[in-house]
1. So G235 passes all but one of these: (1) at positive phi; (2) open to solvent by less than 30 Å² (accessible area, probe 1.4 Å). Which condition number does it fail?
2. Examine the range 160-171 for a residue that is within 19 Å of the chain's Cα centre (by Cα) and closer than 19 Å to G113 by Cα, and state whether such a residue exists.
3. Inside the range 194-212, can you point out the residues that are in a helix (DSSP H, G or I), open to solvent by less than 40 Å² (accessible area, probe 1.4 Å) and closer than 16 Å to S263 by Cα?
4. Where the second residue is open to solvent by less than 50 Å² (accessible area, probe 1.4 Å) and basic (K, R) and the first is within 17 Å of Y216 (Cα to Cα) and lies in the range 233-254, which pairs have Cβ atoms under 8 Å and are six or more apart or on separate chains?
5. Pick out the one residue from D173, D134, D93 that is out of contact with any Asp or Glu (no Cβ under 8 Å at 6 or more places or on another chain) and over 28 Å from I68 (Cβ atoms).
6. With the structure loaded, tell me whether L26 is of a type outside the set (V, I, T), open to solvent by less than 40 Å² (accessible area, probe 1.4 Å) and modelled with pLDDT under 95 or whether it fails that test.
7. Of all residues in the range 112-135 being more than 15 Å from T91 (Cα to Cα) and not in a helix (DSSP H, G or I), which is farthest from the chain's Cα centre (by Cα)?
8. Are any of the residues in the range 158-169 of a type in the set (D, E, K, R), surrounded by fewer than 18 Cβ atoms within 10 Å (Cβ to Cβ) and outside any helix (DSSP H, G or I)?
Amino acid sequence: MSSLLPEETKTNSPSYLTDIEFCKNLDPKQTFNKHIFTRVSAVSIIFENIEFMYTVFDDCYFRNCKFIDCKFIGAQFKNSSFRGSEFTGSTFDYARFNNTKITNKLIETNIPGYENVALEFAQALRVNFAQMGDYVGVNKAIKAELSATKVHLSKAAWGKDGWYKKKYVGFFDRVVAIKDYFIFSLFDFLWGNGESLPKLLRTIVIVVALLASHIYMQGNELSVSISSAFSIFLGIETKVVIDKSIVYLAVTGRFILMGMFVSVLVKRLSRR
């Protein structure tokens, strides 16, 4: 069959390691690229400057190991455990995870540099952490997803780097990208795109403060303005008379913000 392949291609037959255990530290700069590890294990072993590019870890067990400056580019982690293992300076570009026990610190210390790769990395880990019941990791992954998305939209709207310059060439493309960026930024400010209770509480305080300012400008005392603003926002009757249009806006804002509040709580509780 190889004779039928074009000259520009080559075969990539993987190497297999099955049912073995690493019993001592490996010498640096060894390579295990395009390997398939099946039921491979190691305990308290140091792997320094080792390449595991496009390697598959299937049903493996690496406990309390240290992976220093290792490359896991394009690697797959399936049904494995890396309990207590550290990955100092290691790279995970395009890595995939499924039902694997691994530290959620990867999101903070090993996230790829490019925002599109970081987004894929965070998405893969979010699903994996959910499978393993690590909801602290899920929350970290979601925050990383949102951060990478914001950087991507910002560069799409304003960036002049090579890829974005080629991708968004026309005026209409840039207008759409700018619209997407501002919508994302608006919802990020209002409630962290559904993930930040503090931001939502801040928005509620801003709305009440604006309402209190309007009442104060009508000649009411500051204390009366603040208490009346809270009452109107919460739907409680007050002796202060204000325009019906302002009341309608306050009621609409209350329903929207309360809906957002319930949505954030449901998301948080559903991950526990």
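The values are calculated or read from the model by the stated rules, or taken from the named source; none is laboratory data. These figures come from a predicted structure and were not determined experimentally. Backbone-built Cβ (ideal geometry, glycine too); neighbour counts: all protein chains shown. Only protein heavy atoms, including side chains, enter the accessible area calculation; ligands, DNA and RNA are left aside. Shrake-Rupley method; radii C 1.70, N 1.55, O 1.52, S 1.80 Å.
1. It is condition (2) that G235 fails.
2. Of the range 160-171, the ones within 19 Å of the chain's Cα centre (by Cα) are none.
No; the residues of the range 160-171 include none that is within 19 Å of the chain's Cα centre (by Cα) and closer than 19 Å to G113 by Cα.
3. So the first thing to find is which residues in the range 194-212 are in a helix (DSSP H, G or I), and the list is 194, 197-212.
Add one more test, that the residue is open to solvent by less than 40 Å² (accessible area, probe 1.4 Å), and what stays is 194, 200, 203-204, 208, 211-212.
Correct list: G194, L200, T203, I204.
4. F233/R254
5. Working: D134 fails: over 28 Å from I68 (Cβ atoms); D93 fails: over 28 Å from I68 (Cβ atoms).
The unique qualifying residue is D173.
6. Working: of a type outside the set (V, I, T): yes; open to solvent by less than 40 Å² (accessible area, probe 1.4 Å): yes; modelled with pLDDT under 95: yes.
Spelling it out, L26 is indeed of a type outside the set (V, I, T), open to solvent by less than 40 Å² (accessible area, probe 1.4 Å) and modelled with pLDDT under 95.
7. G133
8. Initial filter on the range 158-169 (of a type in the set (D, E, K, R)): 160-161, 165-167.
Those left that are additionally surrounded by fewer than 18 Cβ atoms within 10 Å (Cβ to Cβ): 160-161, 165-167.
Now drop any that are not outside any helix (DSSP H, G or I), which leaves 160-161.
Checking the range 158-169: at least one residue is of a type in the set (D, E, K, R), surrounded by fewer than 18 Cβ atoms within 10 Å (Cβ to Cβ) and outside any helix (DSSP H, G or I).
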